[in-house]
Amino acid sequence: MWLEATPHPRAGLIGRHDEVDLALPLDDSLSLRHLMFVVRQREGAVHFVAIDLESNNGLQLESGAPIRLAEASGPLIVCASDFVFFCFPTGKPAPWNSESGNVWGTLAARHASRVEPRLLSCSSEPPAGRIELVSNFSVAAIGLSTAALRRGVLMGRAERCEVSAPVMTVSRVHAVLLSLDDELLVIDAGSTNGTWRLDQEVRIARLRDGDVLALGEEVTVAWRDAH
């Protein structure tokens, strides 16, 4: 899976579902939508973010430590089920040492600049804002903290989603809210019916106070900053 690194983030999904960017359908230990990668260019370096989508078997660092999210400037290696995902910037200079005498020694040094553990400790942090969710069946307002948004907040009909919309036209994990570099992003998670702003389908977009999005055909969400 190749993602162009630009100042505007790009995202890619991995799992068993046909709609994701890299489908691995033959391994039942992977969730339908298992993990997300976000790539962007900042200050001349390529930054990788790997996010576990609250999958059954989770996501681990090279060390085996379970994580919800890892961010790195430069190479990043994470594991999910029996798969190992090597994230490297391409181009020149090459991100490996071809003169090393062993396989692991060829890889450039890796250092995660931010790691969020799989389990979030209780926090009394005030909300950064709220999601107002409207469907044919319900209306709800859900407060979200800065810490939760930095880890990635899932929206969808699955029980594991922090913003739950139990409507069949909404995918199990439909989209992710992610705070990155002081910007709030909404990232479609390879949903079947898409994430829409007005009549335009969006894959990844900045979310500002008052913005309204549609998750599929029957659910709308609005973001309101805390004041």
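Would you confirm whether any residue within the stretch 38-48 is part of a loop (DSSP other than H, G, I, E, B), more than 16 Å from the chain's Cα centre (by Cα) and not polar (S, T, N, Q)?
yes
Could you tell me how many of the residues in the stretch 50-59 are more than 15 Å from the chain's Cα centre (by Cα) and either at positive phi or surrounded by 14 or more Cβ atoms within 10 Å (Cβ to Cβ) (or both)?
1
Of the residues that sit in the stretch 189-205 and are within 18 Å of residue 163 (Cβ to Cβ) and exposed (fewer than 15 other Cβ atoms within 10 Å of the Cβ), which one is nearest to the chain's Cα centre (by Cα)?
192
Anything in the stretch 114-149 that is closer than 19 Å to residue 50 by Cβ and touching a residue at least 60 places away in the same chain (Cβ under 8 Å)? List them, or say none.
Residue satisfying the conditions is 118 alone.
Identify all residues within the stretch 1-20 that are open to solvent by less than 30 Å² (accessible area, probe 1.4 Å) and within 23 Å of residue 82 (Cβ to Cβ); write none if there are none.
12, 13, 14, 15, 20
If you scan the stretch 21-45, which residues turn out to be hydrophobic (A, V, I, L, M, F, W, C) and crowded, with 22+ Cβ neighbours inside 10 Å?
Residues satisfying the conditions are 30, 35, 36, 38.
What is the one condition in (1) in contact with a helix residue (DSSP H, G or I) (Cβ under 7 Å, 6 or more places away or on another chain); (2) within 27 Å of residue 16 (Cα to Cα); (3) not in a strand (DSSP E or B) that residue 90 does not satisfy?
(1)
Just one of the numbered conditions (1) free of Cβ contacts under 8 Å to residues at least 40 places away in the same chain; (2) under 20 Å from residue 12 (Cβ atoms); (3) open to solvent by less than 40 Å² (accessible area, probe 1.4 Å); (4) not basic (Lys, Arg) is not true of residue 87; which one?
Going through the list (1) free of Cβ contacts under 8 Å to residues at least 40 places away in the same chain; (2) under 20 Å from residue 12 (Cβ atoms); (3) open to solvent by less than 40 Å² (accessible area, probe 1.4 Å); (4) not basic (Lys, Arg), residue 87 breaks only (1).
The values are calculated or read from the model by the stated rules, or taken from the named source; none is laboratory data. Everything quoted here is computed from the prediction, not taken from an experiment. Backbone-built Cβ (ideal geometry, glycine too); neighbour counts: all protein chains shown. All accessible areas refer to the heavy atoms of the entire protein, side chains included, with ligands and DNA or RNA removed. Shrake-Rupley method; radii C 1.70, N 1.55, O 1.52, S 1.80 Å.
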